[in-house]
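Here the structure comes first, spelled out in structure tokens, and everything after it is commentary.
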Amino acid sequence: MSEVQERLQTARRRVEAAQCLHRNEFESDAINRLCFGVLESARALLLLRDLTPKTHKGTGMKLGQHFRNDVDVGLLTKLRQNREEADYDLWKSSSDEVEMWLERADEFVDASAHIVGRE
């Protein structure tokens, strides 16, 4: 299995973990897993261009430069901000909000897999 495929598989597993956490009302932890799931999916896309940014911010910037017409490039930044607030400032997300983030992360990973499949 290629590194791109491994990263997509990891992304999917992290989104699945977020769904489990959400079902058990661990909303902040679900946001954390979603953030890292989208990050892995973004990294998979960037590997298609031989890009390996070292930071979340760098990943988001490169994603915007290379895939802005293909995926929701702002999603990673929004999830990262929510994750940091949840981890460091005790921010709490509602169940409905986590449902929305779950749906958007799932769409992001699906879109990434589609792009990988056509490259």
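The values are calculated or read from the model by the stated rules, or taken from the named source; none is laboratory data. Just so you know, these numbers come straight off a predicted model, no measurement behind them. Neighbour counts run over all protein chains shown; Cβ positions are idealised from the backbone, glycine included.
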Within segment 78-94, of all residues that are aliphatic (A, V, I, L, M) and assigned to a helix (DSSP H, G or I), the one nearest to Glu27 (Cα to Cα) is Ala86
### Task
Considering every residue within segment 89-99, establish whether at least one is within 12 Å of the chain's Cα centre (by Cα) and in contact (Cβ under 8 Å) with a residue 12 or more places away in the chain.
no
(1) buried (at least 18 other Cβ atoms within 10 Å of the Cβ); (2) over 27 Å from Gly117 (Cα atoms); (3) within 14 Å of the chain's Cα centre (by Cα) all hold for Gln81 apart from (1)
With the first residue restricted to segment 20-48 and required to be at negative phi, and the second required to be among the acidic types (Asp, Glu) and not in a helix (DSSP H, G or I), Cβ contacts under 7 Å at 6 or more apart or on different chains are Leu48/Glu119
Every listed condition ((1) surrounded by 15 or more Cβ atoms within 10 Å (Cβ to Cβ); (2) over 14 Å from the mean Cα position of the chain (by Cα)) holds for Asn69 save (1)
Counting only residues in segment 52-85 that are within 12 Å of Leu39 (Cβ to Cβ) and of a type in the set (S, T, N, Q), the one modelled with the highest pLDDT is identified as Thr59
Within segment 1-59, restricting to residues that are among the hydroxyl-bearing types (Ser, Thr, Tyr), assigned to a helix (DSSP H, G or I) and out of contact with any Pro (no Cβ under 9 Å at 6 or more places or on another chain), the one that is nearest to Phe108 (Cα to Cα) is Ser41
Filter segment 100-111 for residues that are of a type in the set (A, V, I, L, M) and in contact (Cβ under 8 Å) with a residue 60 or more places away in the chain; the one that is surrounded by the most Cβ atoms within 10 Å (Cβ to Cβ) is Ala105
Tell me yes or no: at least one residue of segment 54-66 is among the β-branched types (Val, Ile, Thr), in contact with a Ser or Thr (Cβ under 7 Å, 6 or more places away or on another chain) and farther than 21 Å from His114 by Cβ.
no
